[in-house]
Amino acid sequence: MVKEKISILIPAFNEEDKIILTIKETLRVFEKIGYDYEIVIIDDGSIDDTYSKVQENLNVFNGKVKIERYKSNAGKGFAIKYGFNFISGDYVLFLDADLDLHPSQITNFLKLMEEHKADLVMGSKRHKDSVVNYPNSRKFISNGYYFLIKILFGLPVKDTQTGFKLFRYEALKNSISRIIVKRYAFDLELLVVLRNLDYKIIEGPIYLKPSRTYYNRIGLKDIFYTLIDTVAIFYRLKVKRFYD
């Protein structure tokens, strides 16, 4: 019997200090879980040495790692859509490049996917079993956004933004081509499309330990454009019926 394969998509922007450790930890985890796998790094227009550091180490990664890139930073959503063209797994894991969410959590997500026959298991900071450690200011932003999307979309999830998500390949394939947003509300739009196509979505607990301050990663501009993109998704869903 051929082993099922997991493709790990890791978008990376200026991650020269973290990317090699992230790859090594991911390799260590996936060597133990009994699935075939591949790690695809998407360099999202980095201006540091992210790309060269990965390239220099490819020969020690057992042929399990590849890196693709483009010139200008375009955002996480664009990176994932671009990276989807280079994968071949039966499952697809979205994994952030900073190790705030350790890849070892994949074992429980695979178990949850099979137990619930889900098409997507997504990490949730709001899950009752999650352990999170991040600033109150970030919690305030997260809570506000949760209530907004609950009112607008009624999604069966409490957290859309956590970067650890496990998909069945076919569900992601049928959804990702419909995505318009490439930067600020990519995760939300993907969930809206999946639900509109009647795929089963469940949440899983995560252990989140931020390694860098969130203050430097989310600014007022990010919040503003996320809200603009969110309203645009609502318009496409409810008014234009774009996702039908």
Fill in the blank from the handout: How many residues of the range 119-151 are loosely packed, with under 15 Cβ neighbours inside 10 Å, farther than 21 Å from Phe186 by Cα and modelled with pLDDT of 85 or more? The answer is 3
Handout entry: Residue match in the range 223-234 (condition: closer than 22 Å to Ile106 by Cβ, at pLDDT 90 or above and acidic (Asp, Glu))
Key = no
Problem - Evaluation of Leu197 against (1) more than 16 Å from Leu227 (Cα to Cα); (2) within 15 Å of the chain's Cα centre (by Cα) (one fails), failing number - result: (2)
Exercise for the section: Identify, from the list Arg168, Arg195, the residue that is under 21 Å from Asn85 (Cα atoms), among the basic types (Lys, Arg) and either loosely packed, with under 14 Cβ neighbours inside 10 Å or at pLDDT 95 or above (or both). Expected result: Arg168
Handout entry: Residue in the range 152-165 that is surrounded by the fewest Cβ atoms within 10 Å (Cβ to Cβ), counting only those that are over 21 Å from Tyr225 (Cβ atoms) and in contact (Cβ under 8 Å) with a residue 12 or more places away in the chain
Key = Pro156
Problem - Sole residue being over 24 Å from Tyr225 (Cβ atoms), touching a Lys or Arg at 6+ places or on another chain (Cβ under 8 Å) and not in a helix (DSSP H, G or I), chosen from Ile20, Ile41 - result: Ile41
Handout entry: Checklist (1) in contact (Cβ under 8 Å) with a residue 40 or more places away in the chain; (2) at positive phi applied to Thr107, failing item
Key = (2)
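Please determine whether any residue of the range 72-80 is free of Cβ contacts under 8 Å to residues at least 12 places away in the same chain and of a type outside the set (Ser, Thr, Tyr).
Pass one, the range 72-80, residues free of Cβ contacts under 8 Å to residues at least 12 places away in the same chain: none.
No; the residues of the range 72-80 include none that is free of Cβ contacts under 8 Å to residues at least 12 places away in the same chain and of a type outside the set (Ser, Thr, Tyr).
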Handout entry: Subset of the range 30-60 [surrounded by fewer than 17 Cβ atoms within 10 Å (Cβ to Cβ) and aliphatic (A, V, I, L, M)]
Key = Ile33, Ile47, Leu58, Val60
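The values are calculated or read from the model by the stated rules, or taken from the named source; none is laboratory data. Note that the structure is a prediction, hence the values are computed from the model and not measured. Virtual Cβ from ideal backbone geometry, glycine too; neighbours counted across all protein chains shown.
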